[in-house]
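Before any comments, here is the structure.
The values are calculated or read from the model by the stated rules, or taken from the named source; none is laboratory data. All figures in this text were calculated on a predicted structure; none of them were measured in a lab. Methodologically, a virtual Cβ is constructed for each residue, glycine included, from the backbone with ideal geometry; neighbour enumeration extends over all protein chains shown.
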Amino acid sequence: MKKGCIISIIVVAFLALVVLSFVVWGTKAYNGMVTMQESVTSQWGNVQTSYQRRSDLIPNFVNTVKGAANFEQTTLTQVIEARAKATSVTIDPSKMTAENLQQFQAAQGQVSSALGRLMVVMEKYPELKATQNFRDLQTELEGTENRISVERRKFNEVALTYNTYIRKFPQSMLAGMFGFQTKPYFEAAAGAEKAPEVKF
């Protein structure tokens with residue numbers, strides 16, 4: 001064999017090895033992005049399930065409260081309206097943006113705020129608070145609020161893992177080529193960073 005022929009074979013073998021390495025790396029990186037994206041989608045489903053659980057409890061809670069004589073109807077109406085608005089705001093996890101997550105979060109925040117006002121008003125009705133049905137529903141709602149908090153935190157964790165992975169070089173090149181987009185995070189409510197002022 002001639003020396004030039006051997007060099008050509010070595011160059012071709014080297015280039016084939018480089019291409020094969022790139023294909024193996026690209027396949028692994030792409031599959032990793034798909035897996036992480038599916039984790040984000042799955043966790044979003046858990047967030048929605050928690051919010052749906054709260055939404056499902058609200059009608060029973062409102063009906064229990066309606067039974068109290070002279071109960072403030074405006075407070076109940078606010079809870080019902082906030083629930084209706086919140087259930088109308090949905091997000092396709094594959095098209096999730098910071099803007100539509102903020103809209104979703106704002107609608108759910110209105111439900112939380114209306115429920116909070118309802119609980120404050122409840123203090124005026126000790127006979128209602130004494131009923132077993134009310135206490136059971138209140139416990140269910142409190143547990144659901146905790147679940148919502150946990151699922152939102154988990155969503156932020158899986159979104160962070162995914163976002164970090166697709167933004168790192170060289171995965172960022174593949175992410176751009178195949179349309180992998182970063183996912184937004186749940187944010188704390190405005191003013192949550194300030195401790196409430198307590199006066200006695």
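For this structure, a couple of remarks:
- Residues that are touching a helix residue (DSSP H, G or I) at 6+ places or on another chain (Cβ under 7 Å) and in contact (Cβ under 8 Å) with a residue 60 or more places away in the chain within segment 38-57 comprise S39, V40, Q43, W44, N46, V47, S50, Y51, R53, R54, L57, listed in sequence order.
- Taken together, the residues in segment 107-152 that are small (G, A, S) and surrounded by fewer than 14 Cβ atoms within 10 Å (Cβ to Cβ) amount to 4.
- So E72, is it more than 25 Å from Q37 (Cα to Cα) and either without any contact (Cβ under 8 Å) to a residue 60 or more places away in the chain or surrounded by fewer than 17 Cβ atoms within 10 Å (Cβ to Cβ) (or both): yes
- Condition met for E142 (over 14 Å from the mean Cα position of the chain (by Cα) and not in a loop (DSSP other than H, G, I, E, B)): yes
- Residue in segment 134-156 that is farther than 24 Å from K183 by Cα, at pLDDT below 90, touching a Ser or Thr at 6+ places or on another chain (Cβ under 6 Å) and not aliphatic (A, V, I, L, M) present: yes
- Within segment 78-90, being surrounded by fewer than 17 Cβ atoms within 10 Å (Cβ to Cβ) and more than 18 Å from Q138 (Cα to Cα) holds for E81, A84, K85, T87, S88, V89, T90.
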